[in-house]
Amino acid sequence: MASVGVAFMGRPKIAFTALFMALAIGMTGCSSMADNESTVEDIGEVKAQSRGLSDGLLRIIDLEGDLKEPVTSVGTCGDKDADKFYRINSSWSLAGPPAQDLRGAMGRLSKVMPKSGWDITEHGRENSVAKSHYLKANSTERAFSVYIVVLEASPNSGRTRPLLYVGLASDCFQVPDGQSARDKY
Amino acid sequence: MVTFAQLTQLRPAEFGEAADGWHKLSSAASAAKDRVSDDIATQLQKLLIGEGVDAAVVRLRRLAQNFHYVQVESGLVRAALNGLGEELGAAQKKLLDVVAEAEAEKFTIKPDGSVHWVEADPTIPTTPQKSVQGERPVVVIGSDADPKRAKAQEYADRVGAALKEATEVDTRYAQALGRLHADNDLNVSDADWVDAQRDMGTVRTATGSLAEGSIPKDKSPKENAEWWKGLSGDDKADYAALYPASVGALDGIPSDVRDTANRVVLAEKRADYQTQLNAIPAEPWKYQPGSKGNPMATKTTEWVKWDREWAGKKAQLEASLKGMGDIRKRFERDIEPGDDRFPRAYLLGFSPEGRGRAVIANGNPDTADHTAVYVPGTNAGFGNLAHDIKRATTLWTVSDAVSDGGSVSTITWLGYDAPQGAKAAVSSDYANNGAPSLNRFVDGLNASHEAGSPGHLTVTGHSYGTTLIGSAARQGDLNADDIVTLGSPGVQVGRATDLDVPRGHVWNEEASGDPIPEAGRMKHGRTEYHFDTGVDYVTPSNERFGANPMRTDTSGHGSYWDRDSETLLNQARVVVGDYDNVSRRGR
């Protein structure tokens with residue numbers, strides 16, 4: 001894990017029509033769907049949105065260190081039909097900066113995120129031995145939510161240094177007709 | 001007919017050298033296959049988009065298939081040549097022993113195999129050359145009543161026997177090797193893989209030395225590991241080439257070996273089942289319109305007959321093929337830009353027969369610092385394998401992100417017949433029957449784990465899978481470090497300390513709105529009587545049970561891996577040994 005600058009290395013592959021759809025969906029926001037329906041969206045497009053959101057969060061964190069870049073994968077939607085329904089999960093982390101810097105980043109996030117398209121639903125300290133700082137938020141612009149924790153290095157944590165973890169996940173989407181989500185990872 | 005001259009002059013080492021050449025080819029094909037699919041195809045997709053790339057990727061995947069086929073078939077040639085060299089060598093040794101003994105007794109064996117001796121009798125003016133031959137009309141030169149004749153005849157017979165043995169070996173192997181040819185086209189079809197399966201059978205039958213009986217059966221994983229370690233490199237390659245199903249199923253041997261073997265079985269079985277499915281006659285019209293006296297549509301006789309004969313088999317083949325497809329799709333996973341960390345899949349177990357077994361690891365558990373084995377519950381099977389594979393890959397992505405230095409492997413263990421449907425899930429049989437396999441699999445992981453590096457093992461179960469875990473700990477030894485139970489209807493035992501792991505290392509999650517723990521506890525929980533509460537059906541959700549109650553923020557029975565949830569992160573925190581950061585359910 002090399003030290004990197006602000007943005008991730010990857011470049012999303014965005015085709016014209018998908019971008020158009022993304023804007024359209026972004027404008028409607030999260031809609032209430034029937035249980036057997038979800039917004040139709042191309043997997044590649046949702047993965048691209050995920051990367052965009054992660055980029056934004058990393059900019060707010062504004063720290064350098066050992067960055068574990070996002071692994072973006074196709075996940076399940078409860079027990080719903082795996083052919084039609086999917087969500088995009090993304091996990092990444094940053095270690096290296098001292099605990100107070102990471103906690104500072106957490107503070108920055110809780111201040112800046114509400115101004116950059118996030119609605120913070122929970123924040124504080126976890127009900128754990130380490131009592132790590134955390135927050136949970138929903139995006140107001142995209143159908144995504146996020147869970148961020150600064151995992152402290154306490155005696156029984158297996159850690160020698162703290163780690164800032166970001167778990168980003170989309171709502172459930174539906175693949176376009178003719179495509180299958182089950183084959184995608 | 002192998003001649004005396006041929007057998008004495010034989011260089012068995014030549015066969016070994018030829019076999020090595022085929023081994024190099026087999027290894028090269030295997031490496032090429034990996035490079036094409038893991039490296040080239042995925043790099044292409046990283047850099048370019050469009051129809052041209054998609055078409056190129058399809059062709060590259062076909063190329064990878066071709067390499068896989070070459071790997072398998074040349075592995076068979078190699079095994080055959082090795083066997084041939086060994087067996088001819090044995091026959092040759094017998095022959096050379098006879099020659100040496102005979103010459104020590106002053107007999108001479110001529111190139112045609114006849115045994116000659118000289119009678120040194122001073123009373124006879126001429127010194128007649130005498131000889132006999134084995135298994136041929138005896139040619140006698142000289143008079144009878146010669147004490148050396150009997151000895152000579154014995155030598156001749158032994159020569160004959162050695163030549164006969166060599167001829168039999170030669171014929172047997174010629175037949176087997178003669179079968180090993182490939183179609184002269186660039187497409188490895190289902191028929192080619194079915195043929196490869198047959199070739200494997202033929203070479204197996206031909207090779208006398210590597211019998212299937214020599215593979216350990218019903219031994220402990222530790223013993224299996226010792227057996228494998230004791231084999232020469234040659235023998236390891238031969239066993240894997242000839243008996244991939246047996247080798248792939250052996251708990252205790254290295255994961256990369258099991259993966260290679262099981263992928264061969266997968267390729268062959270998929271083609272086999274697809275061929276069988278193609279051969280099933282088309283389903284006839286099911287209904288015919290009603291007639292005058294009976295207006296209701298009825299089933300046609302053709303359909304009823306077809307249904308009786310074929311419907312079950314068709315459904316079974318289709319379900320198996322669906323699962324096999326899910327496994328292959330996992331192998332083909334595209335690497336997105338920036339996703340260099342996505343783990344390689346290892347097929348640690350595979351058999352499509354019956355309900356089917358599949359064990360798929362993300363990352364190599366032999367080298368991983370933290371391994372998690374996920375036991376799925378009701379309805380798990382080849383009909384929805386992608387579901388359970390994805391749960392394990394999701395667990396991997398989160399665990400890997402929080403692990404900070406330690407490598408992670410997560411494994412989907414469909415190593416038992418899971419109950420299908422809520423009714424079946426009432427029975428304890430599935431758990432009790434499947435439990436010993438889990439213990440063996442876990443022991444296998446411990447045995448194959450790299451010596452000297454720490455191996456932290458978590459076994460996590462969902463729903464009925466937890467019942468199996470409980471049964472495993474109850475019936476035998478579940479040699480894990482941590483146990484996680486998700487939505488458990490009960491684990492048959494009443495206390496966390498009954499689950500074989502050290503005290504404090506059982507972790508439970510019950511999501512809100514999950515009906516299963518309540519619904520199943522009377523059947524799968526432990527029935528206890530207490531003065532204050534009366535009858536209690538104890539499950540991991542009970543305070544009495546003594547598990548660590550982990551906080552959840554998801555709802556429902558199927559959502560334990562969903563979202564960026566605390567539910568999921570807590571599981572990952574246990575997997576990587578970050579106990580202090582596991583958040584607990586408030587009381």
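Below, the figures for the structure above:
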{"item": "Residue list for segment B:559-587, restricted to those being at the interface with chain A (Cβ under 9 Å from one of its Cβ atoms) and surrounded by fewer than 20 Cβ atoms within 10 Å (Cβ to Cβ)", "result": "B:584, B:585, B:586"}
{"item": "Enumeration of residues in segment A:161-185 that are hydroxyl-bearing (Ser, Thr, Tyr) and modelled with pLDDT of 95 or more", "result": "A:165, A:170"}
{"item": "Count of residues meeting criterion [closer than 20 Å to residue B:258 by Cα and either open to solvent by 30 Å² or more (accessible area, probe 1.4 Å) or at pLDDT below 90 (or both)] in segment B:295-332", "result": "4"}
{"item": "Selection within segment B:383-394 - open to solvent by less than 10 Å² (accessible area, probe 1.4 Å) and either more than 13 Å from every other protein chain (Cβ to nearest Cβ) or among the small types (Gly, Ala, Ser) (or both)", "result": "B:386, B:392"}
{"item": "Segment B:405-442, residues that are open to solvent by 40 Å² or more (accessible area, probe 1.4 Å) and either small (Gly, Ala, Ser) or without any contact (Cβ under 8 Å) to a residue 40 or more places away in the chain (or both)", "result": "B:405, B:407, B:422, B:423, B:429, B:430, B:433"}
{"item": "Strands (runs of 3 or more DSSP E) fully within segment A:75-185 counting 2 or more residues that are surrounded by fewer than 21 Cβ atoms within 10 Å (Cβ to Cβ) and touching a Phe, Trp or Tyr at 6+ places or on another chain (Cβ under 9 Å)", "result": "A:118-125, A:133-139"}
{"item": "Residue satisfying all of: in segment A:48-72; facing chain B (nearest Cβ under 7 Å) and over 11 Å from the mean Cα position of the chain (by Cα); surrounded by the most Cβ atoms within 10 Å (Cβ to Cβ) among these", "result": "A:69"}
{"item": "Every residue from segment B:443-456 that is surrounded by fewer than 24 Cβ atoms within 10 Å (Cβ to Cβ) and of a type in the set (A, V, I, L, M)", "result": "B:447, B:451"}
{"item": "Meets criteria (modelled with pLDDT under 95, touching a strand residue (DSSP E or B) at 6+ places or on another chain (Cβ under 6 Å) and either under 30 Å from residue A:43 (Cβ atoms) or of a type outside the set (Phe, Trp, Tyr) (or both)) for residue A:96", "result": "no"}
{"item": "Cβ pairs under 7 Å, 6+ apart, first in segment A:163-185 and more than 10 Å from chain B (Cβ to nearest Cβ), second of a type in the set (Lys, Arg) and crowded, with 21+ Cβ neighbours inside 10 Å", "result": "A:173/A:87"}
{"item": "Within segment B:263-377, strands (runs of 3 or more DSSP E) holding 1 or more residues that are under 17 Å from the mean Cα position of the chain (by Cα) and within 14 Å of chain A (Cβ to nearest Cβ)", "result": "B:345-351, B:357-362"}
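Per-residue answers, yes or no, for (1) within 16 Å of the chain's Cα centre (by Cα); (2) part of a helix (DSSP H, G or I):
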residue	(1), (2)
B:170	no, yes
B:188	no, no
B:198	no, yes
B:205	no, yes
B:236	yes, yes
B:241	yes, yes
B:260	yes, yes
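The values are calculated or read from the model by the stated rules, or taken from the named source; none is laboratory data. No experiment lies behind these values; they were computed from the predicted model shown. A quick note on method: Cβ atoms are made from the backbone with ideal geometry, for glycine too, and the neighbour counts reach across all protein chains shown. Side chains are part of the model used for accessible areas, which takes the heavy atoms of the whole protein and leaves out ligands, DNA and RNA. Shrake-Rupley method; radii C 1.70, N 1.55, O 1.52, S 1.80 Å.
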